[in-house]
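Values quoted throughout were computed directly from the atomic coordinates according to the rules given, and no laboratory measurement underlies them. All values derive from a computational prediction rather than experimental measurement. A quick note on method: Cβ atoms are made from the backbone with ideal geometry, for glycine too, and the neighbour counts reach across all protein chains shown.
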Amino acid sequence: MVSQEVTAAMPDGRRITRWTFGSRGGGVTAEVLNLGARLQALHAPDRAGRRADVVLGGGSVEDLLGGAAYLGATVGRYANRIAGGVLPLDGTTHLLATQSTGHTLHGGPDGFATRLWDGVPVRADRQVGVRFRLRSPAGDQGFPGTVTAEVTYLLDADGALSITYQAATDAPTVVNLTNHAYFNLAGEGRGTVLDHLLRVDAAEYLPVDGELIPLGPVEPVVGTPFDLRRARGLDACVAAEHPQIRAAGGGFDHTWVLDGGGLRRAALLSHPASGRQVECLTTEPGLQVYTGNHFDGSLTGRSGHRYTAYAGIALETQHFPDSPNRPDYPSTVLRPGERYRSTTVYRFSAE
């Protein structure tokens, strides 16, 4: 079942629509907005059947266009960072829009997260959800080529939320899409995620400089706080004395180079106190883990609680940061006649 309602309006009067879908009774339900093709809420039961919203979200339109713009949003045209806003492609250097850091983050200051997407309800194979579509013209934030992007959210009766991305272009460009949900399996606004356990199926990661740009070659996780091949508590991870933890502001803001290929498990996040857990599967080569190090209390969530450091953790499936400037990384180039495809599944359960 999918319900639809207009919940707010943009500053120019355009309508913001919310779709709600999922299992009846005590199962998992999701709420998505056309603003940013955004996962705005996701209610999941704990081991006793008590439901809570387990993703962070902004409480007002002003927040969703400002400090909460990335929370739950589809980010692009290029997720993560492009150093200096410099995009070399086929012998031409394109200068992209940048944030105050001087780098292009998540597609630029007016990326896909702030756009109103066209949405329609969909149903497929015992799944229900919403498909969003957006046209990004040539020159949007400096990127070449007109891109048509689609994002489809589908939720099944077992609590698995799949997010499928597709895109096409009329000229060579780069595309790298992800969802930027922040999870707190205790419930939105209910403290930090430092009591969560995280496992990541990766033997390598990408160290970064002080501006969170990859230094270059991958490095093994063994012997570092980045070795999450067995589940570890996030409290110990962010407190570790390691230069890469300090570089990210006291936690993770790094890409893990995932083992294997195809749709496979990337990570498992669990909250022992409630029994909730979410398994992340993806077709992408990388997983950006961000532990919300820079939440500073200036943003108030839907529950009315302020988001302080570690209020949530993002598990962003994607290609690697700054790939257009790193020929040794997997390519993100999309050409006319090709189809960009990517699938990520967040599978919720309680035990």
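Report the residues of the stretch 130-165 in range of a label on residue 171: point 7 Å along Cα→C-beta, backbone N strictly under 13 Å from it.
Output list for this probe position: 137-147.
Between the stretch 214-249 and the stretch 72-137, what's the alpha-carbon centroid distance in Å?
What the calculation gives is 28 Å, centre to centre.
Hey, if you put +1 on the Cβ of every Lys and Arg and -1 on every Asp and Glu Cβ in the stretch 2-350, which of 208, 21, 333 ends up farthest toward the positive end of that dipole?
21
How do 256, 19 line up, fewest other C-beta atoms within 10 Å first?
Values: 256 25, 19 22.
Final ranking by Cβ density, sparse to dense: 19, 256.
Neighbouring Cβ atoms within 10 Å as the yardstick, rank 148, 300 fewest first.
148, 300
Taking a spot 7 Å from the Cα of residue 211 along the direction of its beta carbon, which residues of the stretch 241-258 have an amide N less than 17 Å from it?
Hits in the stretch 241-258 for residue 211 at 17 Å: 247-249.
How high is the relative contact order of the chain, given as a whole-number percent (alpha carbon pairs under 8 Å, six or more residues apart)?
Relative contact order for the chain comes out at 18 percent.
Let a ≥ b ≥ c be the square roots of the eigenvalues of the Cα gyration tensor of the stretch 222-351; is it rounded (a/c under 1.5), or, if not, prolate (a/b larger than b/c) or oblate? Don't skip to the answer; put the middle values down first.
Values: a/c = 1.55, a/b = 1.42, b/c = 1.10.
Verdict is prolate for the stretch 222-351.
Using a Förster distance of 30 Å, how high is the FRET efficiency between residue 246 and residue 298, based on the Cβ-Cβ distance and rounded to 0.05?
0.85
What size of dipole, in debye to the nearest 20, comes out for the stretch 76-145 about its Cα centre when the only charges are +1 on Lys and Arg C-beta atoms and -1 on Asp and Glu C-beta atoms?
Here the stretch 76-145 has a charge dipole of around 320 debye.
Over the stretch 34-79, calculate the relative contact order: mean separation of alpha carbon pairs under 8 Å at least 6 apart, over the residue count, as a percent.
38 percent
Return the distance in nm (one decimal) between the two label points of a simple spin-label model at residue 3 and residue 157, each offset 7 Å from Cα along Cα→Cβ.
2.1 nm
Using Cα pairs closer than 8 Å and at least 6 residues apart in sequence, work out the relative contact order for the stretch 43-137, in percent.
After rounding, I find 19 percent.
In square nanometres and to one decimal, what's the mean projected area of the convex hull around the Cα atoms of the stretch 2-350?
16.2 nm²
Measure out, as a whole number of angstrom, how far apart the alpha-carbon centroids of the stretch 333-351 and the stretch 182-206 sit.
21 Å
When the helices in the chain are scored as -39500 (n - 2.57) per DSSP H run of 4 or longer and the sum is shared across all residues, what 222 nm value do you end up with, to the nearest 500 deg cm²/dmol? Please report the intermediate quantities before stating the final value.
Details: 3 runs with 14 residues, N = 351.
Result for the chain, helices only: -500 deg cm²/dmol.
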